[in-house]
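Take a look at the structure set out below.
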Amino acid sequence: MSPNALLNGRVLTAATMLAVFVTMSLMALGFPEKARLMPLMVGVPGSVLGLAQLFIELRTALNRPPDLDAGQGEAHGNERFMLAWTLLFFVGILAFGFLYAAPLLVFGFLCLGKKESLAVGLAGASATWAVLFGLFESVFQIPLFEGLAVAWILA
Amino acid sequence: MDIVGIFAALLNVVGSPYHVFLLLIAVPAGMFFGAIPGLGGKLGIVLAIPFVFGMDPLAGAIFLVSMHAVVHTGGSIPSILFGVPGTGPDAATIVDGLPMTRNGEAGRAIGAALGASGVGGVIGGLFLLAIMPLLRPVVLAFGPAEFFLLALFGITFIAMLAGDSLIKGLLVGLFGLMLATVNLDPQTGTQRYTFDFLFLWDGVDIITAVLGIFAIPEMIALGVAGGAMADVKQRASYGLSGVLQGIRDVFRHWGLTLRTSIIGAFIGMIPGLGGDAASWICYGHAVQSSKTPERFGKGAEEGVIAPETANNSKEGGSLLPTLFFGVPGSSGMAILLGAFIMLGIQPGPGLALDGMDVVWTLIWALMIANVVAVAMFFVLAPAFGYLSYVRGSLLIPFVLTLTYLGSYLSHRAWENLVLLTVLGGLGYLMKKYEWPRPPFVIGLILGPVVEDSFHKAFALWGPAFLLRPGAMFMMALIIVSFTVYFWRRRNKTNQIQVQEHVA
């Protein structure tokens, strides 16, 4: 079996699904009787179906030409770009909260990521801050998450 | 029929300046999200969630239903002007809508779509009003055994229809059910899969899960695709006189309009069968019932009227299983269902018992939103021609911000941001490798219903609960749906083999 077949994204996704069902089913065995009933009712058929799907994906992967799933150059680059920015949004907001991180991330995405003009970036960042602070904090009186790093610094 | 209650609900909507204000905001918002390909109505609903958080439950529900009701009205515009469907079900409108534009009848096509959407939405609501008194006793007769199997039926049916692979659909549905067991077990108080995290004791947050599985993958995919909406770079132009002619066409073909509205509403009632099915079935009906079928595909106004009435009338139909059974009629309804629960409106038989005022109010909101959309279009008409200049990819950072905000606001737990990102990654893999996502949401939402109903049914009747008439009917439905599914797959495979043989 070629290593490429195992590293195929479809195979890995199916394997992940199977792993989730098997792991959760095994963990359910440690619950009391009534508590484990539903997880097992779902997990056992899920594991069986997961195994079937993994088998299908492996068989398909072995029969298809290699690198069919490795996206065309530009799409692959765009994918890494978007995954990186999504992760950056998560880390930024988690660390520094909505009011500080979100406008900066919007500005960064528009200007650095999408090469938009400074005016567009600043307009986007301002609009974001206006909605978050002006609408949610001021009008709706909903305090927004301040970020773990900011909370730690202030503490 | 509670006539007083029905009209009291109407007064509740139009007599309250606050509700009217919310409706007037929701309608253009819904049309906007429907009109921008790459965004879509589901995303609009999930992004509206942070804004309705903390609202009066009924007001929030009116806002969301009104927004959802007009998404396909907006989606018809890029379909007709540029040949790019705003939402999936609007694809059928392209077949005759785009040729009408090319024939210089863009305004007429838009008017036909607008009028059809408005009439279809109203008829869908009236259909629901009419059928409600018949269905209420049926809903109240449902017991835990029936609800357990109805929920399973809903999940399996949607798994069958959501994608090409039944195994993938079922796996995703089961995954949603599995994730619904992450909580403090209501039967024994045991911590299940919570790893001592307090925020998981009440279960995986539905809003976070929906945002993660739908919103984040859509934004990643939009960015990967380059965010281009269409190759058209010029403003599409049309006159209001053409629009008015199109609206008149809807009433000129009143028989077709009425029939496709009712068909759409009926299809909307069946969980999982809404969306594309309603618009294409009604388009097919329009072709078959026409005396001049050769005109279709070349700019026949009936080819725009039929799918557009169905697109909007099905929303009225799909409210029925969503509100009364807690089984979403479509993936959009699944998201609405999650939002209703967040607002404190609990769908299910309890609503049929003492929440009918909420039900009537939402039906009126649905109908009024469709009428308002038609009127509002005349105000906003010039703006829609500039849609081609909107680059969807520029909206990505704002949508991501609102997505994270919505997830945080639902439970004020920063841990949900982590869960959101993890599910977002999983959702993107699902989208990329063609795993259907609607069954996951439905499994997650129905998981507690399935488990609770099962324990109750088992406690009351033991394993013999499966022999109750209602339960056996549900099981028969599940078996029939599997049979039809495999029969249709076999037919499709045979057709492909015949075509290959001929070629």
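Only residues that are farther than 17 Å from B:Leu64 by Cβ and surrounded by 11 or more Cβ atoms within 10 Å (Cβ to Cβ) were counted across segment B:4-21, and they come to 7.
Taken together, B:Phe153, B:Phe197 contain a single residue that is among the hydrophobic types (A, V, I, L, M, F, W, C) and buried (at least 18 other Cβ atoms within 10 Å of the Cβ), which is B:Phe153.
Residues of segment B:138-150 include none that is aliphatic (A, V, I, L, M), modelled with pLDDT of 85 or more and surrounded by fewer than 24 Cβ atoms within 10 Å (Cβ to Cβ). Counting the residues of segment A:114-146 that are without any contact (Cβ under 8 Å) to a residue 24 or more places away in the chain, of a type outside the set (A, V, I, L, M, F, W, C) and farther than 19 Å from A:Leu88 by Cβ gives 6.
Scanning segment B:151-181 for residues that are part of a helix (DSSP H, G or I) and among the hydroxyl-bearing types (Ser, Thr, Tyr) gives a single hit, B:Thr156. B:Ala300 meets the conditions (1) modelled with pLDDT of 85 or more; (2) assigned to a helix (DSSP H, G or I) in every case but one. The failed one is (2).
Tell me, yes or no, whether segment A:93-113 has at least one residue that is free of Cβ contacts under 8 Å to residues at least 40 places away in the same chain and under 30 Å from B:Gly203 (Cα atoms). Yes, the conditions are met somewhere in segment A:93-113.
In segment B:391-400, which residue that is more than 18 Å from B:Gly427 (Cβ to Cβ) and part of a helix (DSSP H, G or I) is farthest from the other protein chains (Cβ to nearest Cβ)? Only one residue fits best here, namely B:Gly392. Looking across A:Gly108, A:Gly92, A:Gly124, one residue alone is under 22 Å from the mean Cα position of the chain (by Cα) and at the interface with chain B (Cβ under 9 Å from one of its Cβ atoms). It is A:Gly108.
One residue stands out in segment B:424-443 among those that are within 9 Å of chain A (Cβ to nearest Cβ) and of a type outside the set (A, V, I, L, M, F, W, C): the one that is surrounded by the fewest Cβ atoms within 10 Å (Cβ to Cβ), namely B:Glu434. Within segment B:420-439, at least one residue is within 22 Å of B:Leu477 (Cα to Cα) and part of a helix (DSSP H, G or I). Any residue at all in segment B:173-187 that's of a type in the set (D, E, K, R), more than 23 Å from the chain's Cα centre (by Cα) and surrounded by fewer than 22 Cβ atoms within 10 Å (Cβ to Cβ)? Yes; the residues of segment B:173-187 include at least one that is of a type in the set (D, E, K, R), more than 23 Å from the chain's Cα centre (by Cα) and surrounded by fewer than 22 Cβ atoms within 10 Å (Cβ to Cβ). Per the listing B:Ile281, B:Ile263, B:Ile267, B:Ile206, the residue uniquely surrounded by fewer than 24 Cβ atoms within 10 Å (Cβ to Cβ), in contact with a Cys (Cβ under 9 Å, 6 or more places away or on another chain) and modelled with pLDDT under 85 is B:Ile267.
Test B:Leu351 against the criterion of being among the hydrophobic types (A, V, I, L, M, F, W, C), touching a helix residue (DSSP H, G or I) at 6+ places or on another chain (Cβ under 6 Å) and buried (at least 24 other Cβ atoms within 10 Å of the Cβ), and give yes or no.
Answer is no for this residue.
Restricting to segment B:401-423, and then to whatever is under 12 Å from A:Phe98 (Cβ atoms) and modelled with pLDDT of 90 or more, can you tell me which residue is surrounded by the fewest Cβ atoms within 10 Å (Cβ to Cβ)? Among those that are under 12 Å from A:Phe98 (Cβ atoms) and modelled with pLDDT of 90 or more, it is B:Trp414. Of the residues making up segment B:34-43, one or more are in contact with a helix residue (DSSP H, G or I) (Cβ under 6 Å, 6 or more places away or on another chain), in a helix (DSSP H, G or I) and at pLDDT 80 or above. B:Gly329 meets each of the listed conditions (1) part of a loop (DSSP other than H, G, I, E, B); (2) over 23 Å from B:Ser79 (Cβ atoms); (3) modelled with pLDDT under 85 apart from (2).
Scanning segment A:142-155 for residues that are within 12 Å of another protein chain (Cβ to nearest Cβ) and out of contact with any Gly (no Cβ under 9 Å at 6 or more places or on another chain) gives a single hit, A:Pro143. Scanning segment B:1-18 for residues that are assigned to a helix (DSSP H, G or I), touching a residue at least 12 places away in the same chain (Cβ under 8 Å) and farther than 15 Å from B:Asn370 by Cα returns B:Gly5, B:Ile6, B:Ala8, B:Ala9, B:Asn12, B:Tyr18.
Against the condition in a helix (DSSP H, G or I), touching a Leu at 6+ places or on another chain (Cβ under 6 Å), of a type in the set (Val, Ile, Thr) and crowded, with 24+ Cβ neighbours inside 10 Å, how does B:Ile363 come out, does it pass?
yes
Contact map, segment A:16-42: first residue of a type in the set (Asp, Glu), second residue surrounded by fewer than 19 Cβ atoms within 10 Å (Cβ to Cβ), Cβ cut-off under 6 Å, separation 6 or more or different chains; the map is empty.
With respect to the conditions (1) facing another protein chain (nearest Cβ under 10 Å); (2) under 22 Å from B:Pro217 (Cβ atoms); (3) of a type outside the set (Asp, Glu), A:Gly97 falls short on a single one, namely (2).
The values are calculated or read from the model by the stated rules, or taken from the named source; none is laboratory data. Fair warning: this is a prediction, and the values are worked out from it, not measured in the lab. All Cβ positions, even for glycine, are placed from backbone atoms using ideal geometry, and neighbour counts span all protein chains on display.
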